[in-house]
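**Q** One structure, pasted below without further comment.
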Amino acid sequence: MLLGRNRDGTEASEVSGLKISFDCIPCTINSFLRLLENDMLPQEKHEQAVRTLLSELAQQSYTQSPASLGRKVHEVIRELLDNKDPYKDIKDASNRMLLDHMEKSRAVIADSENPFHTALKLAIAGNVIDYGPQDRLDIWETIDRVLKTEFGRDDTELLRNELTSAKQVLYVGDNCGEIVMDRLFLETIGHDNVYFAVRESPVINDATRVDAETAGIDRLATIITTGDNAPGAIWEDSSETFRNILRQSDVVISKGQGNFEGLSDVDHPIYFLLVAKCNQVAAQLGVTKGDFVLKKFYTGS
């Protein structure tokens, strides 16, 4: 199997499926506190809400994936807020923000020496934009930085070569906003048989079918769902339809860290395209936190 190379030129090792670590707990709590800061719940209910969340976290198993933990915790959060989609305004704003910049992004791809690699980097930039505090973010400063930055792991040529002969492609999407950049990458690929997977129902700011249609993905791919609403596709919890399409796809591109956490031990070749946003994931990938990654691996080899 072709493994590709790490940035230092050494051959990269394979990774196994991820389980939650202690670092996942403060990350989860901070995500909830940001919701409270946005006045999602009356001030007088904040203390009880935090106590309920902490109690739920104390009961969770550490043998599950971060995406599985995320699903359970955000079920509790939606109940606490009495809101089926508390991130809806954030998701809509993210999509609008990137759609407003789409034509300029498309021109950057068209004018580049290597449109495929540029479109790939813009897809990564979408993940960075999602990661950054929106009120402090300069989109084009971020895009320019990503375009000039080397990947911590780069299997771009492997992906490009395999796409030329692929009969079917599956692209597993991640968050709102960045799916606009995924659309531009799909335009650049120009493949006529692509499936694009989203979440079955709202969780955090992950894209659902409606969000993908808003971003125009339905013009380039057949939209399916994972059959689940974890913030990451989890193989054992996904629908049989999703699993069959993944098995039948010659090329699978999985976007974002949540999908990596849930699919990294699947017995099928997958290209993971993401920003390593925490030390645990970075260590599993053999890169540094904050690195951009395009890695192909296959646990069955």
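**Q** Going by what's in this entry, would Leu99 be described as in the same structural domain as Val281 (by TED's automatic domain parsing) and either surrounded by 17 or more Cβ atoms within 10 Å (Cβ to Cβ) or assigned to a helix (DSSP H, G or I) (or both)? Please lay out each step first, then the result.
**A** Working: in the same structural domain as Val281 (by TED's automatic domain parsing): yes; either surrounded by 17 or more Cβ atoms within 10 Å (Cβ to Cβ) or assigned to a helix (DSSP H, G or I) (or both): yes.
When the stated conditions are applied, Leu99 passes them.
**Q** May I ask you to list the residues in segment 166-199 that are in contact with a strand residue (DSSP E or B) (Cβ under 9 Å, 6 or more places away or on another chain) and among the small types (Gly, Ala, Ser)?
**A** Ala166, Gly173, Ala197
Yes or no, residue by residue, for (1) surrounded by 15 or more Cβ atoms within 10 Å (Cβ to Cβ); (2) not in a loop (DSSP other than H, G, I, E, B):
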{"position": "Phe22", "(1), (2)": "no, no"}
{"position": "Leu41", "(1), (2)": "yes, no"}
{"position": "Lys45", "(1), (2)": "no, yes"}
{"position": "Glu56", "(1), (2)": "yes, yes"}
{"position": "Gly70", "(1), (2)": "yes, yes"}
{"position": "Val73", "(1), (2)": "yes, yes"}
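**Q** Follow-up question, since we're still on this one. Starting from segment 260-278, take each residue that is closer than 13 Å to Leu246 by Cβ and list its partners that are assigned to a loop (DSSP other than H, G, I, E, B) and among the charged types (D, E, K, R), counting only C-beta distances under 7 angstrom and pairs at least six apart or across chains.
**A** Here the result reads Tyr271/Asp155, each pair linking segment 260-278 to a residue that is assigned to a loop (DSSP other than H, G, I, E, B) and among the charged types (D, E, K, R).
**Q** Among the residues that make up segment 229-241, is at least one of them without any contact (Cβ under 8 Å) to a residue 40 or more places away in the chain and within 13 Å of Phe196 (Cα to Cα)? Give the steps one after another, and end with the answer.
**A** Just the residues of segment 229-241 that are without any contact (Cβ under 8 Å) to a residue 40 or more places away in the chain, to begin with: 235-236, 238-241.
The next check asks that each one be within 13 Å of Phe196 (Cα to Cα); those that pass are 241.
For segment 229-241, residues without any contact (Cβ under 8 Å) to a residue 40 or more places away in the chain and within 13 Å of Phe196 (Cα to Cα): present.
**Q** Could you figure out which of (1) closer than 22 Å to Leu184 by Cα; (2) among the hydrophobic types (A, V, I, L, M, F, W, C); (3) part of a loop (DSSP other than H, G, I, E, B) isn't true of Val266?
**A** Only one criterion is unmet by Val266, namely (1).
**Q** If a residue has to be surrounded by 20 or more Cβ atoms within 10 Å (Cβ to Cβ) and either assigned to a helix (DSSP H, G or I) or among the β-branched types (Val, Ile, Thr) (or both) to count, how many in segment 75-96 make the cut? Give the derivation first.
**A** Our first condition is that a residue be surrounded by 20 or more Cβ atoms within 10 Å (Cβ to Cβ); within segment 75-96, this holds for 77, 80, 86-87, 91, 94-95.
From what's left, either assigned to a helix (DSSP H, G or I) or among the β-branched types (Val, Ile, Thr) (or both): 77, 80, 91, 94-95.
Residues in segment 75-96 being surrounded by 20 or more Cβ atoms within 10 Å (Cβ to Cβ) and either assigned to a helix (DSSP H, G or I) or among the β-branched types (Val, Ile, Thr) (or both): 5 in total.
**Q** Hand me the list of strands (runs of 3 or more DSSP E) wholly inside segment 136-241 holding 2 or more residues that are in contact with a Leu (Cβ under 9 Å, 6 or more places away or on another chain). Write out each step before concluding.
**A** On the way: elements: 169-172, 194-198, 222-225.
Those strands (runs of 3 or more DSSP E) span 169-172, 194-198.
**Q** Shifting gears a bit: Determine which member of the set Leu3, Leu35, Leu69 is at pLDDT 80 or above and either touching a Pro at 6+ places or on another chain (Cβ under 8 Å) or at negative phi (or both).
**A** Numbers: Leu3 fails: at pLDDT 80 or above; Leu35 fails: at pLDDT 80 or above.
After ruling out the rest, the residue left standing is Leu69.
The values are calculated or read from the model by the stated rules, or taken from the named source; none is laboratory data. Treat the numbers as computed from the prediction; the structure is a model and nothing was measured. Cβ sites come from the backbone with ideal geometry, for glycine too, and all protein chains shown count toward neighbours.
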